[in-house]
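The values are calculated or read from the model by the stated rules, or taken from the named source; none is laboratory data. This is a predicted model, so every value here is computed, not measured. Glycine also receives a Cβ, built like all others from the backbone with ideal geometry; neighbour counts cover every protein chain displayed. All accessible areas refer to the heavy atoms of the entire protein, side chains included, with ligands and DNA or RNA removed. Shrake-Rupley method; radii C 1.70, N 1.55, O 1.52, S 1.80 Å.
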Amino acid sequence: MAKGTAGAPGNAPQTQRLTREIIARTALDMADTMGITNVSMRKLASELGVTAMALYRYYDSVDDIQAAAVALAFTEVDTNSIPGERWDDTMRRTMSSIRDMYLNHAAADLLAIEGAGDSPAMQAHTERIYSLHEAQNIPADILRKTWRIVDAYLGGFLKGELLEIKNEHRHPQDSPDAEWRQTAAGAYSEETFHDGIDIIIAGIRTMAAPDPCEWHTPKA
């Protein structure tokens, strides 16, 4: 975790050595231990070895810093363009990468920052993924419907999965023995997540019929 050279303000690094990225990175590191909503200006300033006022030279509020931390986490998502990749493989790859990112930062509870999606950095992330599918020549109407479905699915599934992880840590239980309990216990698993993606892809093929859906990233 990023820290100042010393806890005492007099020995702290000069304010001009700070950057927006360093502040966001430190906030994300702190979020991984205390939760993103618990990251405050005072705690962050203490961690960086500066005064809280120094942070206002880079961000207008703690909300902006929290949103920047979420956006920084999203840079871990695989949004690379792979020449020749089919649209359904792109969808599986990017959706799985988003899930991996959230699980890597499960303790941070990044979904608690509802306004993060409106930040310029998050909008840039969204644009990168959307552009991947646009380049694959998915018809515009199908892409709009697909995007809405995927966004709703990810939001709902990940919120449920992260909540289940949190509850398991607080109230560990033995494996349920009843059939329906076993089914319910597996509602948020990697297998279920990928089953959901396959169902979405099948639905897209149905919506696009009789289009053969031979959409792919242009080869270099």
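Accessible surface area normalised per residue over the range 61-173 is 50 Å², counting heavy atoms of protein chains with a 1.4 Å rolling probe. Can you compute the label reach from Asp211? Point 7 Å from Cα along the Cβ direction, backbone N cut-off under 16 Å, restricted to the range 66-94. Correct set: 86-91. Charge tally around Asp78: other residues with Cβ under 15 Å, Lys/Arg +1 each, Asp/Glu -1 each, net 0. Note on the range 31-129: with neighbouring protein chains present and a 1.4 Å probe, carbon and sulfur make up 48 percent of its accessible heavy-atom surface.
Put a dot 7 Å past the Cα of Thr126, heading toward its Cβ, do the same for Ile199, and the two dots end up 2.5 nm apart.
Ranking Gly49, Ile142, Ala69 by how far each Cα lies toward the positive end of the dipole of the range 46-155 (charges on Cβ) leaves Ile142 at the top.
In the complete set of protein chains, residue-level accessible area for His133 is approximately 10 Å², probe 1.4 angstrom. Sparse packing (at most 12 other Cβ atoms within 10 Å of the Cβ) combined with a DSSP loop state is found for the following trypsin sites (Lys or Arg not before Pro) in the range 12-91: Arg57.
Charging the Cβ of each Asp and Glu at -1 and of each Lys and Arg at +1, and nothing else, the dipole of the range 83-147 about its Cα centre rounds to 180 debye. Given R₀ = 41 Å, what would the calculated FRET efficiency be for Glu164 paired with Ala220, taking r from the Cβ atoms and rounding to 0.05? Working from the Cβ atoms, E equals 0.50. Ordered by solvent-accessible area of protein heavy atoms (1.4 Å probe), largest first, the residues His105, His194 come out as His194, His105. Each other residue within a Cβ distance under 11 Å of Ser96 adds +1 if Lys or Arg and -1 if Asp or Glu, for a net charge of -1.
Highest mean packing comes first when the peptides 66-72, 97-103, 107-113 are listed by Cβ atoms within 10 Å, giving 66-72, 107-113, 97-103.
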